[in-house]
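What follows draws every value from the coordinates through simple rules; no lab data is involved. What you see is a predicted model, and the numbers here were worked out from it, not measured in a lab. Cβ: placed from backbone, ideal geometry, glycine included. Neighbour counts: every protein chain shown.
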Ligand SMILES: Cc1ncc(COP(=O)(O)O)c(C=O)c1O
């Protein structure tokens, strides 16, 4: 099918609606005389020629078909006569949207019934505080395994509300490793063990086989899954809490997802702000106050799309293929490109790499941008390059990057 812009049922949207809500007929006539009908065209398939391949770490690329669906529903959602942005969060229309988003995400991750699913705000950073506030007292010990900057930030924030112990840190190895179970000792009285499942900046990821077993007072494992959420199946029952900012794999920034075992809810410290108290949000089905309605709607469209793709097993297969192509190009470059991360724990989502000739890195990023591949500069704290290849990055984007890398190498080796 052609990717050219095509006329959709919404082409004549503005012609057919009195969008200016003119109070008098006279006024209306005047406007219709002085304005030509406005034609809005909606593409029926992704017009990739108008889009870049966006390798940003987040906010990040979203599936083209999801964006187009949102575009087609923007002005008048499902015949309601309103945009999702204009709806009451307590109205039947939005309730149907949030309920579907919840049931689709439950289906995708096969979330057991004894877990609550919350759509919150404040980003994953807010959860760095909400977790200790909800799960422990100020005197309690908690364990943190720090495999990158985000785990480090989470541990530091927890210091304000409890007594976190960093029981393993990859800092001396520049966060290129994930510990094996024998590399650290857990505190038997710790209230939970915290990991960051995928460190977005450093590109290290816990694989299914190396999630640590919590050997603490409660047996609770907590994971920040912001940057690999919904990129693969996850056995939710291994975790007490999973949390994730939406803006990498599942939607726009502004939505934070928390999956929490129900028995862990209801013990917040007395001074916990209502907005950080899981019990308040759970009792109110994420509608205690005005939620990020449009963001939740977008997440819902992404969940629906992931289910249509065949679910997370299929998604993971695709992600593995994409990552393999990129890592093969890096490893097969005879040292021209290097990925510093230990092979067995390389992230499928965020691929950091450096150039042997460091002085060429600026040129690499600039030249790639000319070819419509953007946001390849590494995080300011580590330098080099980073290609984030989340679910929505098409195979074509990775293939184009790899072709560009080979070409760049041929020119500069
Ligand atoms: C793994 C991880 N955790 C936490 C955060 C912070 O998320 P937010 O900006 O939504 O607070 C990020 C942001 O990039 C992240 O990648």
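Stretched out fully, how many nm does the piece from residue 285 to residue 137 gain, at 0.36 nm a residue minus the Cα gap?
Working: separation 148, 0.36 × 148 = 53.28 nm, distance 2.54 nm.
Fully extending the segment from residue 285 to residue 137 adds 50.7 nm.
Highest mobility in the GNM of the chain, judged by mean-square fluctuation with C-alpha springs under 10 Å and restricted to 383, 332, 240, is found for 332. Contact order for the chain, expressed relative to its length and based on alpha carbon pairs under 8 Å spaced 6+ residues apart, stands at 19 percent.
Using only helices, what value at 222 nm comes out for the chain when you add -39,500 (n - 2.57) per DSSP H run of length 4 or more and divide by the total residues, to the nearest 500 deg cm²/dmol? Mind dumping the intermediate values first?
Values: 11 runs with 135 residues, N = 413.
Roughly -10000 deg cm²/dmol at 222 nm, from the helical runs in the chain.
If R0 is 25 Å, what FRET efficiency do you get for residue 399 and residue 71 from their C-beta distance, rounded to 0.05?
Working: r = 27 Å, r/R0 = 1.06.
So, using R0 = 25 Å, E works out to roughly 0.40.
Shape call for region 244-315 from the C-alpha gyration tensor, a ≥ b ≥ c root eigenvalues: rounded (a/c under 1.5), prolate (a/b greater than b/c) or oblate? Prolate is the answer for region 244-315, as a/c is 1.5 or above and a/b outweighs b/c.
Residue 275 to residue 103: extension gain in nm, 0.36 nm per residue of separation minus the Cα-Cα distance?
Stretched fully, the residue 275-residue 103 segment lengthens by 59.6 nm.
Largest GNM mean-square fluctuation across 61, 125, 200, computed for the chain with C-alpha springs under 10 Å, falls on 125. Cα centroids of region 183-235 and region 291-341: 20 Å apart. Classify region 178-309 as rounded, prolate or oblate from the Cα gyration tensor: take a ≥ b ≥ c as the square roots of its eigenvalues, call it rounded if a/c is under 1.5, otherwise prolate when a/b beats b/c and oblate if not. Note, shape of region 178-309 comes out oblate. Largest GNM mean-square fluctuation among 112, 394, 179, using the chain with Cα springs under 10 Å: 112.
Could you tell me whether the chain comes out rounded, prolate or oblate from its Cα gyration tensor? Rule is a ≥ b ≥ c as square roots of the eigenvalues, rounded for a/c under 1.5, then prolate if a/b exceeds b/c, otherwise oblate.
oblate
Summary value for region 267-400: 18 percent relative contact order, contacts being C-alpha pairs under 8 angstrom separated by 6+ residues.
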